[in-house]
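Worksheet: one structure, shown below.
Just so it is clear, none of the values below were taken in a lab; they were calculated from the coordinates. Not measured: the values here are computed from a predicted model. Cβ atoms come from the backbone with ideal geometry, glycine included; neighbour counts cover every protein chain shown.
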Amino acid sequence: MSGTTAALSLLAVALVAVGGVYGAAWAARIGSGAPDAAPFGSGLEPTEHAVSRFHVRWYTVTMLFLAFDMEMVFMYPWTRVISAMGPSAVIEMFVFLAVLVTGVVYAWREGALRWT
């Protein structure tokens, strides 16, 4: 079998496989149209569209969540190597935590956590 024949055979197999996946998806679909309004919040009837805009105050809450989420991402490996690194690892982690706490205190002082 020449190289061209092998390449064309492989292309044909790939096209048949993709066509088979599309055919299986078409056969397994439930309905042809999307529902107009389906519950998206704990089964309650929606009061607004699912992709509506959020209030700007959620930005601050999201940033605080991400900051503390990253704290956990850095703290887990730190707990695994603390015995090998010694006291310098403890000092570095407390400096990192101090920076995070400083950010929370700043946000609190500026009123970013106030809802009214």
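Listed values, structure above:
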quantity: Principal axes of region 65-112: Cα extent on each, largest first, Å; calculated: 41, 18, 6
quantity: Region 44-116: GluC sites (Glu not before Pro) in DSSP loop, at most 11 other beta carbons within 10 Å; calculated: GLU48, GLU110
